[in-house]
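Written below as structure tokens is the structure these notes are about.
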Amino acid sequence: MEQVKQENLRNIAIIAHVDHGKTTLVDAFLKQAHLFRDNQIEMQQELILDSGELEKEKGITIKAKNVAIRYRDYKINIIDTPGHADFSGEVERTLNMADGALLIIDAQEGPMPQTEFVLKKAFELGLKIIVLINKIDKKFANVPKVIDKLHDLFLKLAVNSEQLDFPMYYAIGREGKIFYEMPEGDLTVANSTTGDLTPLLEKIIEDFPAPKGDPVAPLQIQINALDYDNHLGRYLIGRIFRGTARIGDSVVILHSKGSQEIKETGKIKKILVREGLEFIEVNSAIAGEIVAIIGIESMAIGGTICTVQNPEPLPDIKISPPAVKIKFEANTSPYVGKEGKFVTATQLAQRLELEKANNISLKINPADGGGYFVAGRGELQLSILIETLRREGYEFQVRKPEIILQMIDGVKSEPKEELIIDTREEYIGTIIDFLNRHKGELVHIETENGLTRITYKILTRNLFGLRSHLQAATKGNVVLNHYISEYVPYTNQPELYRKGVLIASEAGTAMGYSLNTVQERGDLFTSAGTQVYEGMIVGMNKYDQDMEVNVTKQRQKSGVRVKHDEITQTTLKPIIPITLEFALVFIAKDEILEITPNNLRLRKAYLSKNERVWSKRKNLSEFAKVQISA
């Protein structure tokens, strides 16, 4: 396909809060650009870009992706970014490839926490903004109210008066329809309006600038992503900010590792550009184009590809600091190696080093005494990594999540978040009671059309486990959104209350006879027939202290007949299933989550009772020494 002229290029990012309709709009772009035949499966698919297994399961965008469509004589590179706050690093990593941003707002929910984050980042980069109020066909859509809140948000974030002047369009994204003015009639009736994406495409061409950058100046490409092909090798994906990339050019990649400046050399063997969903080969690409460079075995996301004669790096990509960390270790349970394909500490280290190179939004560093600390924006981002490794065949263990403290103006500080909860009126009391116990500060509460929105300020450490608990307490009638709004001075406070656990005292097979007795002492995690080992957590005690129990004991065999009513019935109550989200929140500091491709197991760090007693005495002794010296 013929290479487009620089003035006919448009690079746009689609930004929004989670579930406001970004990826659905991209579907419409792809289908209306006639990239697929009418009988192709993609014409019936939804969320075409969310191709990852976990993206499909969770219904969210995890990785930013780019596609390209043709409209008239123009080529539009579209960057679809995640909307969940935990994946904000993906937004920061890719937003500098764009010259304009399409901000999507839900016509019922209005601006949400991540809306503010992505708009602020777009303003910082000087991107031109077009606003799209989506889902105007919702039953409780309130467009005038959303517009008022939107103007307030722009006034709050704009750094110059020009940013307050933005075009606004209205959309029914799932039908692929855009309107310059709000259409009349009952929009809740499907396909009651006519239209397509043409008004928006025309506005993108008219309002968004062509990319800048002198095509004849020395080459500068910033690497924003990596990919790999079994036949072609590694792709270095990024935008050409200056110059022209040509096959055969000798180049140098400049990047930094800590305080060390690193220089890698290589030669461009192939150049690929996007056409639709695919990469196609070209002989050269000019400034402004988004390209994939093949032939250089580098993993330097954020690095700059330059000519050998003019090695001039671009500024580093700025990523907001992580807020939560988890320690990853090689599995040390008695069942090590029975289920996983990759089980050694070396294999785990190699995989985490690969993730470190590919994902700049995660901070991954070796821990004292072995293992790695993996730090990210929140629980969801870290659980996605854990689940990814698990599905790849890795077997490992993790410790309790911890918050990351920052030194701000010489004061040890911790993250505090704004939490927005949407629920039905009947659950307000349950939610407020739970948030009070988690030391949340109520900021605002409003009810409209039977739906209530509650806004809180809460420490990040007190958010752990909140989502799963409220989902259960409200029978799924709750939506939580949060983002880090500030850092506040760290204060000591007691750990959030948790009951004791039931610990297996013997290894073997859990028997229904034993579990029938044990379940009277609490709630079980383990069902009959499950293999257990000493020190494995098999349930939650109804009291505060931990308790050792034998779940492998069988009924004693005897030749003496007994009456029917003397036989102990083994009617077991339903167990509490151990999910990844539940386990990460549940474990205490002296406990470990064992992760294999087939199972999640909770266990004590010290498996035998004697080891646990010794450890407790040692910790009390060290605490006493500290108190005396103080």
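The values are calculated or read from the model by the stated rules, or taken from the named source; none is laboratory data. Quick caveat, the model's predicted, so the values are computed rather than measured. Please note: Cβ atoms are built from the backbone with ideal geometry, for glycine as well, and neighbour counts cover all protein chains shown. Calculation scope for accessible area: heavy atoms of the full protein, side chains included, ligands and nucleic acids excluded. Shrake-Rupley method; radii C 1.70, N 1.55, O 1.52, S 1.80 Å.
Brief remarks follow.
- Subset tally (residues that are assigned to a helix (DSSP H, G or I), in contact with a Leu (Cβ under 8 Å, 6 or more places away or on another chain) and not β-branched (Val, Ile, Thr)) for the stretch 194-219: 1
- For Gly288, the conditions (1) outside any loop (DSSP other than H, G, I, E, B); (2) crowded, with 20+ Cβ neighbours inside 10 Å; (3) modelled with pLDDT of 90 or more are fulfilled apart from (1).
- Any hit, the stretch 228-235, residues being within 26 Å of Glu90 (Cβ to Cβ), open to solvent by 50 Å² or more (accessible area, probe 1.4 Å) and of a type in the set (Phe, Trp, Tyr): yes
- Residue in the stretch 66-73 that is within 28 Å of Arg453 (Cβ to Cβ) and open to solvent by less than 20 Å² (accessible area, probe 1.4 Å) present: no
- Matching residues in the stretch 588-621 - criterion: being assigned to a helix (DSSP H, G or I) and either surrounded by 18 or more Cβ atoms within 10 Å (Cβ to Cβ) or not hydroxyl-bearing (Ser, Thr, Tyr) (or both): Lys609, Asn610, Glu611, Arg612, Val613, Trp614, Lys616, Arg617, Lys618, Asn619, Leu620
Residue by residue, here is whether (1) within 26 Å of Lys604 (Cβ to Cβ); (2) touching a residue at least 24 places away in the same chain (Cβ under 8 Å); (3) charged (D, E, K, R) holds:
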{"site": "Ile364", "(1), (2), (3)": "no, no, no"}
{"site": "Gly369", "(1), (2), (3)": "yes, no, no"}
{"site": "Tyr372", "(1), (2), (3)": "yes, yes, no"}
{"site": "Leu380", "(1), (2), (3)": "no, yes, no"}
{"site": "Ser383", "(1), (2), (3)": "yes, yes, no"}
{"site": "Glu392", "(1), (2), (3)": "no, yes, yes"}
{"site": "Glu395", "(1), (2), (3)": "yes, yes, yes"}
{"site": "Pro401", "(1), (2), (3)": "yes, yes, no"}
{"site": "Gln406", "(1), (2), (3)": "no, yes, no"}
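- In this structure, Tyr427 qualifies as aromatic (Phe, Trp, Tyr) and either assigned to a helix (DSSP H, G or I) or at pLDDT below 90 (or both).
- Residue that is modelled with the lowest pLDDT [pool: residues in the stretch 463-472 that are assigned to a helix (DSSP H, G or I) and surrounded by 20 or more Cβ atoms within 10 Å (Cβ to Cβ)]: Leu466
- Filtered residue count, the stretch 303-330, keeping only those that are open to solvent by 10 Å² or more (accessible area, probe 1.4 Å), closer than 24 Å to Lys363 by Cβ, in contact with an Asp or Glu (Cβ under 9 Å, 6 or more places away or on another chain) and of a type outside the set (D, E, K, R): 5
- Note on the stretch 161-193: residues that are touching a strand residue (DSSP E or B) at 6+ places or on another chain (Cβ under 8 Å) and in a loop (DSSP other than H, G, I, E, B) total 8.
- Scanning the stretch 269-277 turns up one or more residues that are in a strand (DSSP E or B), open to solvent by less than 20 Å² (accessible area, probe 1.4 Å), of a type outside the set (A, V, I, L, M) and on the phi > 0 side of the Ramachandran plot.
- Just one residue in the set Thr447, Thr474, Thr430 is out of contact with any Ser or Thr (no Cβ under 9 Å at 6 or more places or on another chain), among the β-branched types (Val, Ile, Thr) and on the phi < 0 side of the Ramachandran plot; that residue is Thr447.
- Taking each residue of the stretch 515-541 that is in contact (Cβ under 8 Å) with a residue 40 or more places away in the chain and under 15 Å from Lys499 (Cβ atoms) and looking for partners that are crowded, with 18+ Cβ neighbours inside 10 Å and aromatic (Phe, Trp, Tyr) with beta-carbon atoms closer than 7 Å, six or more apart or interchain, yields Ile537/Phe525.
- Within the stretch 361-379, the set of residues being touching a helix residue (DSSP H, G or I) at 6+ places or on another chain (Cβ under 9 Å), over 25 Å from Glu581 (Cβ atoms) and in a loop (DSSP other than H, G, I, E, B) comprises just one member, Gly370.
- Qualifying residue in the stretch 483-492 (condition: open to solvent by 50 Å² or more (accessible area, probe 1.4 Å), at pLDDT 85 or above and part of a helix (DSSP H, G or I)): no
- Some residue of the stretch 136-145 being assigned to a helix (DSSP H, G or I) and surrounded by 14 or more Cβ atoms within 10 Å (Cβ to Cβ): yes
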